[in-house]
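Read the figures in this text as sums done on the coordinates, not as results from a lab. Since this is a predicted model, take the numbers as computed values, not measurements. For neighbour counting, all protein chains shown are included, and Cβ atoms are generated from backbone atoms with ideal geometry for every residue, glycine included.
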Amino acid sequence: MGNGVIIGFPGVRDFDYEIAEEDANMATVQAFYDRIWRYRDLPALKDFLADDFTLHRNHEHWTGRDAMESQIIITQMNYPNLQITIDEIAALRQNVACQLSIRFTTPSGDQYRIRGLNVCRLERDLIVESAVVYKPPEPIPESTSTDTPARNDI
């Protein structure tokens, strides 16, 4: 202890581990959007969501992987060309926040964009809880609308 170094101090954090955990959690959330929303691989929900997963949205909540699957099916049926883009993603330990852009076309052919924020909590490599908030839909002018997804569209 003469050199000022304290070995084994219980308050010392392992930043390398925390960064690796955060990177892994961000990768899990990105893979969730890719597999479930882009490729519509609903059987893969078990690879991403805990059995007791809870979704909080619009002052309501749904519990269970089956409830989330029902929400996804309804959304995909109503908006078959839905595209979700993760604009920004960040993690702090087991929490991952994603800024989202959602583009869709209504049955009448009008195109809209919704911006949102999803904050997920992960445990043991699975998403156990997700809270999402969305801004109101905004129309996409015809001159900027496209059916070709951007590089990071999911």
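Hey, fewest Cβ within 10 Å first, where do Leu82, Leu122, Leu92 land in order?
Final ranking by Cβ density, sparse to dense: Leu92, Leu82, Leu122.
Evaluated at 4 °C with a viscosity of 1.567 mPa s, what Stokes-Einstein diffusion coefficient in µm²/s does segment 15-139 have when Rh comes from the Kirkwood expression over alpha-carbon pairs?
So the translational diffusion coefficient is about 86 µm²/s.
Only four residue types carry charge here, +1 at the Cβ of Lys and Arg and -1 at the Cβ of Asp and Glu. Report the dipole size of segment 15-139 about the Cα centre in Debye, rounded to the nearest 20.
It comes to approximately 540 debye.
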